[in-house]
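Beneath this line is the structure, given in structure tokens, with notes to follow.
The values are calculated or read from the model by the stated rules, or taken from the named source; none is laboratory data. From a predicted model like this one, the values you see are computed outputs, not experimental measurements. Every residue, glycine among them, receives a Cβ derived from its backbone with ideal geometry; neighbour counts consider all protein chains shown.
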Amino acid sequence: MSKAMFALSADPIHFGHINTIERAAKLFDQVHVAVGINETKKYLFNIYERLELIRQATSHIKNIEVSAFEGLLVDYAVLNGINVIVKSVRNQEDYQYEKNLYSVGKSQVSGIETLILFSDPRYENVSSSVVKALEQHKGFIHEFVPLCVKQALEKRISGHRIIGVTGGIGCGKSYITKKLRETIGLKTINIDFDNLVHEIYTQRLQPYYNQVRRNIVAEFGDDIIIHADMCLIDSHILGEKIFHNPEAMNKLYKLLDEALFMLYREKLQKNKDCIILLNCAYLLGNKISNFNLSYLCNNNIILVETSPSEQHERLRSRSLTDTQIEERINTQFTSGELQKRIQDQIKKDGHGELITFNNTRTSDDEFHTLAELIRRYWWWK
């Protein structure tokens, strides 16, 4: 049996590491993923946490063994019958460093070879320190680490446990988040994407947001303006222009995209050590735009459902006509479609939890049960 080992500190593991492990696993019958223990180095995650995150992140690779080691790397290799050490090199500096280590290792134990695998260009600038720095400033890290690692970093660095709340229009998402904040018994913050949009339209007066609004007005017309000097936008008039027009809705999403995420990061920065309820009807996209924001909450999602009669009743209370109601409902996925999309995403990413909650005539006991599920599933993880 051909054996190799790939050593790393994994504080935390990222996609660059995983790519190297995957490639090594295709070349050898067995790959030992060895996590070094260095008592002089300060780690964000202890050795048990690092090992567990590696196991979760590499569960799709069957011919690997994950373990910790102390002392010389070459000694570990000899003791485990390994004669090839796999190294990942991103640049000339990495290459020179690994070359020096190879020379030192050869001076200690003979018969151990080093196999250099050049980093995939997608990950050559990714490092554990970069990922930790990004999380410190609430940058997006889902393209650099698996969701299990992202969730662990959010909890350790920011004290965040982020839970998505989604469902069709008029299903009662805002009511659910309000009741949960009262019931959970822990510090709980609601970030509502509809409110973020409203802030951009009418409250944020910085030059950046002024320009975002002017771009929207240039696209959709001066009749959506409610304050010419600050170029504030009437969301109701704008809504009438987009809900029956898929092309217009897609254009609006693109114009708002960057501003929404900037505002979202600001909210995260201001609220630490808490549960974040991320209220977003379009967390899994809609029938018009096939985007997916479920990575924001690591696929931990409460799907709110209600009966069609309740849904229509709530929407009529917002002074919407039957035609307007149908236009809005027809752009969204049904509850069944949303449930399947969430389950498919959890399976794809190998991470996440789905709780469905029917909001038709709910009782306080049902909210307490949901709050307990949240504590059990997410707070202590």
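A count restricted to segment 361-374 and to residues that are assigned to a loop (DSSP other than H, G, I, E, B), surrounded by fewer than 13 Cβ atoms within 10 Å (Cβ to Cβ) and at negative phi stands at 1.
Across segment 29-56, the qualifying residues are those that are acidic (Asp, Glu) and within 27 Å of Met1 (Cβ to Cβ), and the one among them that is farthest from the chain's Cα centre (by Cα) is Asp29.
Within the option set Leu51, Leu72, being in contact with a helix residue (DSSP H, G or I) (Cβ under 8 Å, 6 or more places away or on another chain) and not polar (S, T, N, Q) holds for one residue only, Leu72. Looking at the structure I just gave you, is Ser235 in contact (Cβ under 8 Å) with a residue 60 or more places away in the chain and among the small types (Gly, Ala, Ser)? Here the answer is no, as Ser235 does not meet what is asked.
Within segment 343-363, being in contact (Cβ under 8 Å) with a residue 60 or more places away in the chain and over 19 Å from Lys178 (Cα atoms) holds for Gln345, Asp349, Gly350, His351, Gly352.
Within segment 191-231, the residues that satisfy the criterion of being at pLDDT 95 or above and assigned to a strand (DSSP E or B) are Ile191, Asp192. One residue alone among Thr321, Thr331 is in contact (Cβ under 8 Å) with a residue 60 or more places away in the chain and either farther than 23 Å from Thr362 by Cα or surrounded by 17 or more Cβ atoms within 10 Å (Cβ to Cβ) (or both), and that residue is Thr331.
Can you pull out every residue in segment 111-159 that is on the phi > 0 side of the Ramachandran plot and either within 16 Å of the chain's Cα centre (by Cα) or among the hydroxyl-bearing types (Ser, Thr, Tyr) (or both)?
Matches in segment 111-159: Lys138, Gly159.
Of all the criteria given as (1) farther than 22 Å from Leu53 by Cβ; (2) part of a strand (DSSP E or B), the one not satisfied by Arg161 is (1). For segment 174-224, the tally of residues that are surrounded by fewer than 16 Cβ atoms within 10 Å (Cβ to Cβ), touching a residue at least 60 places away in the same chain (Cβ under 8 Å) and among the aliphatic types (A, V, I, L, M) stands at 1. Taken over segment 342-381, the residue count meeting the criterion of being at pLDDT 90 or above, farther than 14 Å from Cys297 by Cβ and touching a Ser or Thr at 6+ places or on another chain (Cβ under 9 Å) is 2.
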